[in-house]
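Take a look at the structure below.
The values are calculated or read from the model by the stated rules, or taken from the named source; none is laboratory data. Source: prediction; values computed, not measured. Cβ: placed from backbone, ideal geometry, glycine included. Neighbour counts: every protein chain shown. Quick note on the areas: whole protein, heavy atoms, side chains included, nothing else; ligands and nucleic acids left out. Shrake-Rupley method; radii C 1.70, N 1.55, O 1.52, S 1.80 Å.
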Amino acid sequence: TRHMLIERIRQGDFATADFTLKAPPGHFVADGLTNDDLRLDFDFRGLEVAIDPRMHDAEGLSGPGLLLGDSFRMDVTGGRLIKVGLKRGRLSVPSFHDHRTRTLIALDAGGQAADVIEAIDPLADGGLTQHGLTAQRLNGDAAAHVEISFPTLQEITDRNFSVVFDGHIANAGLKQAALGWDLSGGELDVKGDLLADRLDIAGPARVGPF
């Protein structure tokens, strides 16, 4: 499990490490370490992390991290996903031993709507683009929250790999939204759930030449 986690971290710098080990003899056997046995606090910057094979890696990540004997967490305070700034995020492994545990990657991003759509659309299998939300047609300011979770110690399949996202596009504009007319002044909510095969786009806007 730790090896798989390390593989997701492609490059970056780690500093200000504070390490404590209190494990008694025999605790280094498989599943032997507990959170009370080992603690490593550290800071990271310039980190590149693989999120999902369909997506670009998150880059330039910075923030604090915590490795315990049976868990791991990184809190992101800055970074980017393609052209989109990441306001905050988290990579969390609740347990290295419990076969029921799920790894969680959570990201909060904001920027130009077209850039945000470009960054998260692969997680919707291109569904946002198929609905006409492309850089050529869409403008506005967007904020999005994305959560990705999957089994930590079990085989990852299409039935247990979860992606949920929730976004808002302010002052949205969409060219040729209906009957050849443009949409403007929109306040659109975009919600998606990969396992539920659901994508919802809703909200008020002006449509037409007036």
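Count of segment 177-201 residues, restricted to those that are open to solvent by less than 60 Å² (accessible area, probe 1.4 Å), within 17 Å of Leu138 (Cβ to Cβ) and at pLDDT 85 or above, is 6. In the list Glu155, Glu118, Glu147, which residue meets the criterion of being open to solvent by 30 Å² or more (accessible area, probe 1.4 Å), modelled with pLDDT under 90, within 19 Å of His56 (Cα to Cα) and not hydrophobic (A, V, I, L, M, F, W, C)? After applying the criteria, what remains is Glu118.
Quick grid of which residues meet (1) surrounded by 16 or more Cβ atoms within 10 Å (Cβ to Cβ); (2) over 30 Å from Glu187 (Cβ atoms); (3) touching a residue at least 40 places away in the same chain (Cβ under 8 Å); (4) not hydrophobic (A, V, I, L, M, F, W, C):
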position: Pro53; (1), (2), (3), (4): no, yes, no, yes
position: Gly89; (1), (2), (3), (4): yes, no, no, yes
position: Val93; (1), (2), (3), (4): yes, yes, yes, no
position: Phe96; (1), (2), (3), (4): yes, yes, yes, no
position: Arg102; (1), (2), (3), (4): yes, yes, yes, yes
position: Gly110; (1), (2), (3), (4): yes, no, no, yes
position: Leu123; (1), (2), (3), (4): yes, no, yes, no
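How many residues are open to solvent by less than 20 Å² (accessible area, probe 1.4 Å) and farther than 12 Å from Gly192 by Cα when one looks only at segment 158-176? So the count comes out to 3. The residue that is farthest from Ile51 (Cα to Cα), counting only those in segment 119-144 that are aliphatic (A, V, I, L, M) and part of a helix (DSSP H, G or I), is Leu128. The residues of segment 103-118 that are within 12 Å of Ile82 (Cβ to Cβ), of a type in the set (Gly, Ala, Ser) and in a helix (DSSP H, G or I) amount to a single one, Ala114.
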